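The values are calculated or read from the model by the stated rules, or taken from the named source; none is laboratory data. This structure is a prediction, so every number in the text was calculated from the model and none was measured. Methodologically, a virtual Cβ is constructed for each residue, glycine included, from the backbone with ideal geometry; neighbour enumeration extends over all protein chains shown.
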Amino acid sequence: MSAQSPDTLTASEMAHAHPNPHAHGDGHDHGTRRTYLIGFALSVILTAIPFWLVMGDVIADRTIATLLIMAFGVAQIFVHMVYFLHMNTKSEGGWTMMAAIFTIIVIVIALSGSLWVMFHLNTNMMPGHTMNPADMI
């Protein structure tokens with residue numbers, strides 16, 4: 001295509017021209033079939049392993065099993081962020097990385113808060129735990 005002004009381009013030349021120079025190579029990783037398949041395979045693996053750990057009763061210590069399952073969950077979140085949401089330091093001028101940092105903060109709050117609540121519910125609601133009215137005062 002010659003260096004003509006847009007006014008003198010034919011309809012065929014305009015159809016093949018890219019009016020937006022930022023349409024390609026703008027730092028967005030749109031993903032390929034290969035990257036989506038890798039992400040899918042990793043997601044399946046990161047789901048199957050914790051399922052096997054629980055259903056097979058592989059780890060006797062529940063604390064270790066819980067921490068390991070949470071670690072697999074966090075790894076799966078990162079797989080989804082990288083392979084499906086295409087978050088990296090180059091996209092959107094770094095704003096996707098800010099979103100990733102915010103996601104990490106929310107995950108830490110949600111996981112630690114959930115464990116804290118579950119631990120205290122387990123401690124305070126044990127069977128055989130009787131409430132004495134005199135203790136309530």
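Taking the criterion of being surrounded by 11 or more Cβ atoms within 10 Å (Cβ to Cβ) and at pLDDT 90 or above, the residues of segment 20-43 that qualify are T35, Y36, L37, I38, G39, F40, A41, L42, S43. Figure legend. Inter-residue proximity from segment 82-109: first residues free of Cβ contacts under 8 Å to residues at least 12 places away in the same chain and within 19 Å of G39 (Cα to Cα), second residues assigned to a helix (DSSP H, G or I) and of a type in the set (A, V, I, L, M), beta-carbon distance below 8 Å, spacing 6+ or different chains. Indicated pairs: T89/M97. Here I49, I45, I77, I64 are screened, and the one residue that is part of a helix (DSSP H, G or I), without any contact (Cβ under 8 Å) to a residue 24 or more places away in the chain and touching a helix residue (DSSP H, G or I) at 6+ places or on another chain (Cβ under 8 Å) is I49. Annotation: of all residues in segment 81-91 being surrounded by 16 or more Cβ atoms within 10 Å (Cβ to Cβ) and part of a helix (DSSP H, G or I), the one that is nearest to the chain's Cα centre (by Cα) is M81.
Residues in segment 92-111 that are of a type in the set (G, A, S) and surrounded by fewer than 16 Cβ atoms within 10 Å (Cβ to Cβ): G93, G94, A99, A110.
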